[in-house]
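Data first, discussion second: the structure below is written as structure tokens.
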Amino acid sequence: MQRVLDPARIEAFAHRDIPRIRVPDRADVFAKRARRLRQLAGSESRGHGRAIGDYLRLMDVVAEAQQAAVTNLAVSRPSAEEIAQARAHRMPLVHAVGLRRDPCWRGILGQLCDAVLRSREFPAGVRDTCARLRDSRAQEIEAQADALLTLQSAEIDAAAAPFVMSALQVYWVHLASQFVAADVSQLEVPGVCPVCGTLPVASIVRADKDSQGYRYLHCALCATEWHMVRVTCSQCLATQDIAYHSIEGGSDAIRAESCGSCRSYRKILYQEKDTSVEPVADDLASLALDLLLGEAGYHRASGNPLLWQNPPEPV
Ligand SMILES: [Zn+2]
Ligand SMILES: [Zn+2]
């Protein structure tokens with residue numbers, strides 16, 4: 001475990017002209033994720049992570065289908081007045097909670113399920129879930145989407161959740177990709193996505209020319225990234241007692257950033273150590289780090305959109 005004691009030095013970065021918002025590029029956002037899932041699935045199946053390797057492979061097939069779906073989607077972005085109104089109230093531009101979804105998103109869900117059913121390599125349980133979703137009534141699917149977006153865990157069907165969430169991702173990435181960074185302003189609550197109001201899945205320190213060394217939170221739903229100064233808890237904004245944890249012998253491109261104040265953690269990826277890191281994929285493939293942090297008494301600040309884990313029953 002390494003403790004970083006000099007947030008002030010890093011804070012000085014903030015005075016430079018930082019690109020604060022990075023909207024997703026729908027031309028390749030899911031293709032990149034699929035590539036990374038495939039790569040991680042390959043390394044897991046050679047090691048002792050066979051089960052997670054199979055799951056990553058399933059999500060690779062879903063991500064490929066997401067890329068095909070987002071390329072063909074056409075949903076118009078909110079009007080200039082709606083955008084102005086959201087900005088005036090410092091609200092997310094296309095708030096995941098409460099936005100009236102175009103029914104076409106359920107068609108996307110059907111396409112993702114078909115892709116899984118077509119590939120024939122997955123266990124019967126997975127295929128049954130996809131077939132069941134294919135036959136579900138619109139009302140049931142909409143209720144699942146609402147439960148997921150508002151985190152009503154008691155109502156969430158955990159087996160179906162990754163597929164429903166994947167379809168919602170396609171819809172929101174499409175919406176988010178129609179904005180330019182200047183449309184988006186940071187919210188009063190810096191820990192939620194300024195485009196859709198969803199919690200981040202993880203954070204990433206970028207290595208590309210314009211954003212080198214800056215840390216961004218990555219939205220679990222719409223893949224927008226927004227800047228947050230390093231060595232700051234992305235949950236409660238504390239800057240003291242921030243610690244970094246990694247798996248011995250594991251990749252040095254991923255660590256968990258924990259907070260001694262709120263006892264939560266999120267993972268942080270370092271693009272300079274590995275240019276192919278991708279927040280959703282790398283978070284999903286690093287369950288060993290979650291076990292380590294759980295044993296150390298920390299809880300995840302928010303879940304992975306592709307793996308719904310019902311919280312333990314209260315005692
Ligand atoms: Zn978002
Ligand atoms: Zn905290």
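The values are calculated or read from the model by the stated rules, or taken from the named source; none is laboratory data. Just so it is clear, the model here is predicted, and its values are computed rather than measured. Neighbour counts are summed over all protein chains in view; Cβ atoms, including those assigned to glycine, are modelled from backbone coordinates with ideal geometry. Just the protein is used for accessible areas: all its heavy atoms, side chains included, with ligands, DNA and RNA removed. Shrake-Rupley method; radii C 1.70, N 1.55, O 1.52, S 1.80 Å.
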Estimated [θ] at 222 nm from DSSP helical runs (n ≥ 4, -39500 (n - 2.57)) normalised by residues in the chain, nearest 500 = -12500 deg cm²/dmol
Could you work out the relative contact order of the chain, using alpha carbon pairs under 8 angstrom and six or more residues apart, expressed as a whole percent?
-> 22
Two pseudo-spin positions, 7 Å from Cα along C-beta at Lys209 and at Ile247, lie apart in nanometres by 3.6
Spacing of the two label points (7 Å from each Cα toward its C-beta) at Asp102 and Arg127, in nm | 3.4
Rank these by accessible area, largest first, 1.4 Å probe: Asp282, Asp25.
-> Asp25, Asp282
In the chain, what percent of the accessible surface is made up of carbon and sulfur (1.4 Å probe, ligands and nucleic acids excluded)?
-> 51
Note on the chain: helices (DSSP H) long enough, at least 20 Å by alpha carbon along their axis, and hydrophobic enough, mean Kyte-Doolittle at least 0.5, are 104-119, 161-177
For Glu82 and Glu140 in the same chain, what is the full-extension length gain: residue separation times 0.36 nm, less their Cα-Cα distance, in nm?
-> 18.0 nm
Report Ser251's accessible area, 1.4 Å probe, all protein chains in place, as a number in Å² to the nearest 10.
-> 60
For segment 271-284, what does the Karplus curve 6.51 cos²θ - 1.76 cosθ + 1.60, with θ = phi - 60°, yield as ³J(HN,Hα) per residue in whole Hz, taken in order and with x for Gly and Pro?
-> 5, 5, 8, 7, 5, 8, 4, 9, x, 5, 5, 5, 5, 5
How fast does segment 25-181 diffuse by Stokes-Einstein, in µm²/s, taking the Kirkwood radius from C-alpha pairs at 37 °C and 0.692 mPa s?
-> 196
Could you estimate the translational diffusion coefficient of the chain from the Stokes-Einstein equation, with Rh from the Kirkwood formula over C-alpha pairs, at 20 °C and 1.002 mPa s, in whole µm²/s?
-> 107
Provide the gained length on full extension for the span Asp114 to Met91, in nm with one decimal, where the gain is 0.36 nm per separating residue minus the Cα-Cα distance.
-> 4.7 nm
Percent of all Cα-Cα pairs per 10 Å bin for segment 117-226, counting from 0 up to the last occupied bin, reads 12, 35, 30, 17, 5
Treating each Cα of segment 209-285 as an identical point scatterer and ignoring solvent, apply the Debye formula and state log10 I(q)/I(0) at q = 0.24 Å⁻¹.
-> -1.33
